[in-house]
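The values are calculated or read from the model by the stated rules, or taken from the named source; none is laboratory data. Keep in mind that this is a model prediction, so the values were computed, not measured. Every residue, glycine among them, receives a Cβ derived from its backbone with ideal geometry; neighbour counts consider all protein chains shown. Ligands, DNA and RNA are excluded from the accessible area calculation, which covers all protein heavy atoms including side chains. Shrake-Rupley method; radii C 1.70, N 1.55, O 1.52, S 1.80 Å.
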Amino acid sequence: MMFYIAALSLIGIGLYVVLTKKNLVKVLIGISIADSGVNLLLISVGYLKGGTAPILEKGLNKPMVDPVPQALVLTAIVIGVATLALAMAVVIDVKRHFGTVELDKVIKMMRGGDGSDA
Amino acid sequence: MTVVNFLIYVLMGLMVVMAIIAAETKNLLSAAIFSGFISLVVSMLFVYLQAPDVAMAEAAIGAALSLAIILFAIKRTGEVEEK
Amino acid sequence: MRLKHILAWVFVILFVGVVAYSLQTEVPFGHDLTKLAKYYVDNTAKETGIPNFVTAIVVSYRGFDTLGEVTVLLLATLGVIGILPWEKHEKVKKAHPVLLWGIRIVFPIILLVGVYIVIHGHLTPGGGFQAGAVIASAFMLYMVSLSTHLDLEAFAFTESIAGTGFALIGVAGIFAGGAFLYNFLPKGNLFDLFSGGIIPIVYILIGLKVSSELTEVVSHMMKGGAEQ
């Protein structure tokens, strides 16, 4: 139960950052925090009380935790860093184009047309 | 409550406090460092939850590569968040 | 402005409470294994011949999904390279001698740990994804300290060879056993280093692919793109 609350708190704080912050880099940091929370939530759903890691050992005969969420999360972490890098590259491009990464200024420039060449 | 359980609860509380600080601080560099620390604590919790494979991946990627990518982006876009 | 923040916090607290309560009633923490998990726990060692069940699921049972996943990784890398193209001529600045010599000592050790993790991926915790991240972080340290230009062509070559090898092994499974990624090599003894058929080979290829892709991503994030 405590693991659920901790993981969901991370997701919630990530959502809070995405909802209220205007800086694009800060928004991506919030998404990465929420990503960690989702991974923790999935792993704790697969936990079995008194279970061992899903790796066979000689002479060890105990119940194992669920290996399926672990395989899922393993790929999700790698995908997460790749998409984070792609989003950060887009943010660097926004900085090069508009000179700022504050979302409201970027939107104003796109609407008003007083940016460099937007 | 055993000692390990107590330590796990302390780690979880630390993690949530770090996340709140990372959300509220104006300095993007410290926000990035706190998010890397959150990844490290999450990987410790993975070890407690009997997921060593995922713990290795999270420690190597979340605390090193992802943090490095955020830091390179901050270096190029400025480190103080305007109000 | 304050009202928006308070509303967001109320939303977060409600979200955490409601979802935690419903999760605890539906799938309580530490509940029994599902049918699917029970099948994997009972039959994986017999069917694939390797003791690490996570590796078995990632490479063997869900191998096709993993092929799609490394494709997503390839597309993200291509996106980063396209947005931030590599710039050849730039000043190389000297790092501090302590950092320089520290990296020279640590770099081969990190590389060795990465190679160990990927070779024993089917026996102990670890495997291609973890080793790829470890090796990429070693190259990242190298780039940060020495500020030299790594030969990115070599990484692109390794990446394409590994990706093509993965797909070719899958296609060979169609001819040998009638299914994509069919395990057509002998399985060997459980707990042996040379066991599990194609699983260690595929995981080594995944490790090469992930490490070269992440290295390219980091180097382009660090130096790519024209500054104004």
What helices (runs of 4 or more DSSP H) completely inside chain A contain at least 2 residues that are free of Cβ contacts under 8 Å to residues at least 24 places away in the same chain and at the interface with another protein chain (Cβ under 7 Å from one of its Cβ atoms)? A:2-20, A:24-45, A:67-98
Of all residues in the stretch C:150-184, which are in a loop (DSSP other than H, G, I, E, B) and in contact (Cβ under 8 Å) with a residue 24 or more places away in the chain? C:Leu150, C:Phe180, C:Leu181, C:Asn183
Condition test on B:Ser30, is it within 9 Å of another protein chain (Cβ to nearest Cβ) and either outside any helix (DSSP H, G or I) or not charged (D, E, K, R) (or both)? no
If we scan the stretch B:4-22, do we find a residue that is part of a helix (DSSP H, G or I), under 28 Å from A:Thr100 (Cα atoms) and not hydrophobic (A, V, I, L, M, F, W, C)? no
The stretch B:67-83, subset open to solvent by 90 Å² or more (accessible area, probe 1.4 Å) and among the basic types (Lys, Arg), residue modelled with the highest pLDDT: B:Lys75
Go through the stretch C:27-51 and report how many residues are assigned to a loop (DSSP other than H, G, I, E, B) and in contact with a Leu (Cβ under 8 Å, 6 or more places away or on another chain). 7
Quick one: in the stretch C:70-85, of everything that is among the hydrophobic types (A, V, I, L, M, F, W, C) and touching an Asp or Glu at 6+ places or on another chain (Cβ under 9 Å), which residue is modelled with the lowest pLDDT? C:Leu84
Does the stretch B:44-57 contain at least one residue that is more than 14 Å from chain C (Cβ to nearest Cβ) and either open to solvent by less than 10 Å² (accessible area, probe 1.4 Å) or farther than 23 Å from C:Lys223 by Cβ (or both)? yes
Residue hits (the stretch C:139-148; without any contact (Cβ under 8 Å) to a residue 60 or more places away in the chain and either in contact with a Ser or Thr (Cβ under 9 Å, 6 or more places away or on another chain) or in a loop (DSSP other than H, G, I, E, B) (or both)) are C:Tyr142, C:Ser147, C:Thr148
